[in-house]
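Here the structure is laid out as structure tokens; the discussion comes afterwards.
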Amino acid sequence: MDYTFQFGVIAKHLPYLIGGAWLSLLLAFLAFWAGAVIGLLGAMGKTFGGRVLYRVIDVYVVFFTNTPALVQIYVIFYGLPDLGIVLSPFNSVLLGLTLNCGAYLTEIQRAGFQSVRREELEAAETLGMSLWQTVRYVIAPHIAKTLYAPLSNFYIWIVLGSSMAGIFAVEELTGRAINVSSSTFRTIEVFTYTAGIYVVLTVVASALLALIGRHAFRVKARIF
Amino acid sequence: MIERIVDEIPRFFTWYNTIFFLQAMGVTLALTLIGCGLGSIFGFALVYGRQTRGRLFTPVRVLIVGYVEIFRRIPFLVLLFIVLFTTEGFGVRVSFFGIALIAICVISTAYISEIIRAGFEAIHRNQWDAAEAMNFGRVATLRYVIMPQAWKVILPPAFAYFVMFIKDTALASQMGVLELTRVAKIFNDRGYSAFLTFGTCLLLYFILSYPLTRFGQRLERRLASSRNR
Amino acid sequence: MPHLEIADLSASYEKGVDVLSGIDLQVERGEILSLIGPSGSGKSTLLRVIVGLLPPDSGRMVVDGTPVNFHDKRSLRDLRGRCAIVFQQYNLFQNMNVMRNVTIAPTKIKKRAAASVRAEAEALLEKVGLGDKHDAYPDELSGGQQQRVAIARALALKPEILLLDEVTSALDPELVNEVLDAVRVLAGEGMTMVVVSHEMGFVREVSTRVAMMDEGRIVETGTPEEIFDRPSAGRTRDFVAKILRG
């Protein structure tokens, strides 16, 4: 036991760490939404496209969901320059996380599509609903309900996953934590604060998502 | 680029290097298996502790809930650093493998306890009531009544979590554990092309993960359609 | 000395919201007491308290001269050794076949010899008319059959007091009688029973005494004739009138 905790010393670095947290959130946000678009296209392609398209998308999904995001980013960061494509660390991580998100969100959104049952569409047609009304009253609520919980969980997952950027010296939360710990040597304190900030970030995100879910989709979500 | 890779291949896939990669694959698998295996045991213990009743055990329950909520919200990478620096700071000598293992345990315990809890909650309240009214203790209730029914609910997500952790162990490379990602990085640093080294690495992860994913999906379907016994 | 005595007992699921208040009840040895009353009046809750599933907030309960301490494991174990309950939803263990449902508690909890427990179980299953269903699983049985297994399972515990909680209300009408017949046989054997039931004809036929409950209280007790033919409390009159009309 030769370690004396000095949390006070690190307190003055807190604003710097929190500044990094914003970048973490931005990274997660961008990857999530870009991934959601890819996922939507993927889910539509898999559901409505032909056999070939299905296979192509499936290969993409299976490959990215069965290999580590970190190694994928290594390929992007160290490999692409061989092809003459040089991406900044931030862009490399963003691209890697986005492709990952796209693969997972393809599967999640496809499950949402599949939750809409044919009988309900027929019922909507019998009631004389227009296409827009069918989407508005039948399809959208269904998809929202099925997707809400897995999407919320996935969003938390991507916030935590964005910490990988620290490995590539991106100055998000984990990257800045590494910086502070190597300049102050108060390693345990720095990473404890960092962990605390991640907990706060995800708790706030969960709480917001739960609120949105309750009001927009009438989903009863537990915040914890 | 293609010529470069073709040129490197004979030098890259030597007997020695191949063994190096296969051993690394073994380390990746060992980290996942031991880490999540221990995590399952501890996770079960947490669920057991969370089911205690009475005011006497309130601190135990609060601690368990706090543990589960906090450690599901800390990135694995950050936890790896915390374990590394804590053991170093207190002068405890732990191998890199040991550090990664501790971090995996800490996180998987939190996640798997939630999976087990959800499994228990899926068993109808009346099964617990009947057991209690017939004088079953907590251990007997779990052993004879709850576990035989709940394992079918618990196994598929727990298995999926194991398989997912195979990929997450890649972060242990940052601690210097000689697992797949670390070994690929070493070769890349020696000058082999990133497509070759990390490509091989991705392929090996895929070989580990994909069959297990498929097996897990089949398991889930089988258990979902099987009857309750 | 009454077999089961309850004095000034109150219980609640949430603090402050009493589901039972000021219950006084005495059940003599060999007596069959029926609890009647509108749904939500606390009948089932009272049975849950008696078998120790819901610790009361206040009051006393004495079984066979021994006061029950609901916060002491030994005392609870002793209580449940004397009382057995049959639930409305049968609550059979879904992972066990009929025979194992009946024998599990005597062999694994009471640690009795497997052979003699099995012989008793066979006799009990015969008695409830399920001698040919030893290997069936609950999900292969009708509701009536499941409920008869549940009765056999309760009897295998050799209880002094049997609690029946609306044992027929989850059943299709045509299955009600097979379960009631099984209970009639027991009633004839002189076991102490506390029965919650909506089958008024049955209550009148088998009960030695009837207690009318409303809003968590016992409003009236008496012989079946007194309760059904000459109810004195206003609420009992309303309830009985409604039953007779309905």
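So which residues in region C:192-246 are assigned to a loop (DSSP other than H, G, I, E, B) and either loosely packed, with under 15 Cβ neighbours inside 10 Å or modelled with pLDDT under 90 (or both)?
C:His198, C:Glu199, C:Thr223, C:Arg230, C:Pro231, C:Ser232, C:Ala233, C:Gly246
Taking the criterion of being among the charged types (D, E, K, R) and either open to solvent by less than 20 Å² (accessible area, probe 1.4 Å) or in a loop (DSSP other than H, G, I, E, B) (or both), the residues of region C:92-112 that qualify are C:Lys110, C:Lys111, C:Arg112.
Report yes if B:Ser108 is within 20 Å of the chain's Cα centre (by Cα), crowded, with 22+ Cβ neighbours inside 10 Å and either farther than 30 Å from C:Phe87 by Cβ or within 14 Å of chain A (Cβ to nearest Cβ) (or both), otherwise no. Outline the logic, then answer.
On the way: within 20 Å of the chain's Cα centre (by Cα): yes; crowded, with 22+ Cβ neighbours inside 10 Å: yes; either farther than 30 Å from C:Phe87 by Cβ or within 14 Å of chain A (Cβ to nearest Cβ) (or both): yes.
Yes: the conditions hold for B:Ser108.
So is C:Ala170 surrounded by 17 or more Cβ atoms within 10 Å (Cβ to Cβ), among the small types (Gly, Ala, Ser) and touching a residue at least 24 places away in the same chain (Cβ under 8 Å) or not? Criteria not met by C:Ala170.
Being facing chain B (nearest Cβ under 9 Å), within 30 Å of C:Asp172 (Cα to Cα) and open to solvent by 60 Å² or more (accessible area, probe 1.4 Å) is the requirement here; does C:Gln89 meet it? Yes, satisfied. Per the listing B:Val62, B:Val47, the residue uniquely away from chain A (no Cβ under 14 Å), within 30 Å of C:Lys73 (Cβ to Cβ) and among the hydrophobic types (A, V, I, L, M, F, W, C) is B:Val47.
Taking helices (runs of 4 or more DSSP H) as the structural unit, those lying wholly within region A:129-190 and holding at least 2 residues that are touching a residue at least 12 places away in the same chain (Cβ under 8 Å) and more than 24 Å from A:Thr98 (Cα to Cα) correspond to A:140-161, A:173-184. Among residues of region A:1-21 that are at pLDDT 85 or above, those with a beta-carbon under 8 Å from a residue that is among the charged types (D, E, K, R) and surrounded by 13 or more Cβ atoms within 10 Å (Cβ to Cβ) at least six positions away or on a different chain give the pairs A:Tyr16/A:Arg176; A:Leu17/A:Arg176; A:Gly19/A:Arg176; A:Gly20/A:Glu171; A:Gly20/A:Glu172; A:Gly20/A:Arg176; A:Ala21/A:Glu172.
Within region C:1-44, the set of residues being among the aliphatic types (A, V, I, L, M), farther than 12 Å from C:Val219 by Cβ and more than 14 Å from the chain's Cα centre (by Cα) comprises C:Met1, C:Ile6, C:Ala7, C:Leu9, C:Ala11, C:Val17, C:Val19, C:Leu20, C:Leu25. Of the candidates C:Ser12, C:Ser75, C:Ser34, the single residue that is touching a residue at least 60 places away in the same chain (Cβ under 8 Å) and either in a loop (DSSP other than H, G, I, E, B) or not aromatic (Phe, Trp, Tyr) (or both) is C:Ser34.
Could you please let me know if B:Gly26 is part of a helix (DSSP H, G or I) and touching a Phe, Trp or Tyr at 6+ places or on another chain (Cβ under 8 Å)? For B:Gly26, the condition - part of a helix (DSSP H, G or I) and touching a Phe, Trp or Tyr at 6+ places or on another chain (Cβ under 8 Å) - is not met.
Residues in region C:223-246 that are over 24 Å from C:Ala11 (Cα atoms) and touching a Pro at 6+ places or on another chain (Cβ under 8 Å): C:Arg237, C:Val240.
Quick one: which residue in A:Leu99, A:Leu80 is open to solvent by less than 60 Å² (accessible area, probe 1.4 Å), within 28 Å of A:Thr146 (Cβ to Cβ) and assigned to a helix (DSSP H, G or I)?
On the way: A:Leu80 fails: within 28 Å of A:Thr146 (Cβ to Cβ).
Testing whether each residue is open to solvent by less than 60 Å² (accessible area, probe 1.4 Å), within 28 Å of A:Thr146 (Cβ to Cβ) and assigned to a helix (DSSP H, G or I) leaves just A:Leu99.
For region C:135-155, filtering for residues that are open to solvent by less than 30 Å² (accessible area, probe 1.4 Å) and more than 24 Å from C:Thr45 (Cα to Cα) leaves 3. Taking region C:44-86 as the range and being charged (D, E, K, R) and open to solvent by 40 Å² or more (accessible area, probe 1.4 Å) as the test, the residues that pass are C:Arg48, C:Asp57, C:Arg60, C:Asp64, C:Asp72, C:Lys73, C:Arg74, C:Arg77, C:Asp78, C:Arg82.
Among the residues of region A:51-67, are any at the interface with another protein chain (Cβ under 8 Å from one of its Cβ atoms), open to solvent by less than 20 Å² (accessible area, probe 1.4 Å), closer than 22 Å to B:Thr200 by Cα and at pLDDT 95 or above? Within region A:51-67, one or more residues are at the interface with another protein chain (Cβ under 8 Å from one of its Cβ atoms), open to solvent by less than 20 Å² (accessible area, probe 1.4 Å), closer than 22 Å to B:Thr200 by Cα and at pLDDT 95 or above.
The values are calculated or read from the model by the stated rules, or taken from the named source; none is laboratory data. The structure presented is a predicted model; accordingly, all values stated were derived computationally and were not measured. Cβ coordinates were reconstructed from backbone atoms using ideal geometry, including for glycine residues, and neighbour counts include every protein chain displayed. Remember, those area values only see protein heavy atoms, side chains included, never the ligands or the DNA or RNA. Shrake-Rupley method; radii C 1.70, N 1.55, O 1.52, S 1.80 Å.
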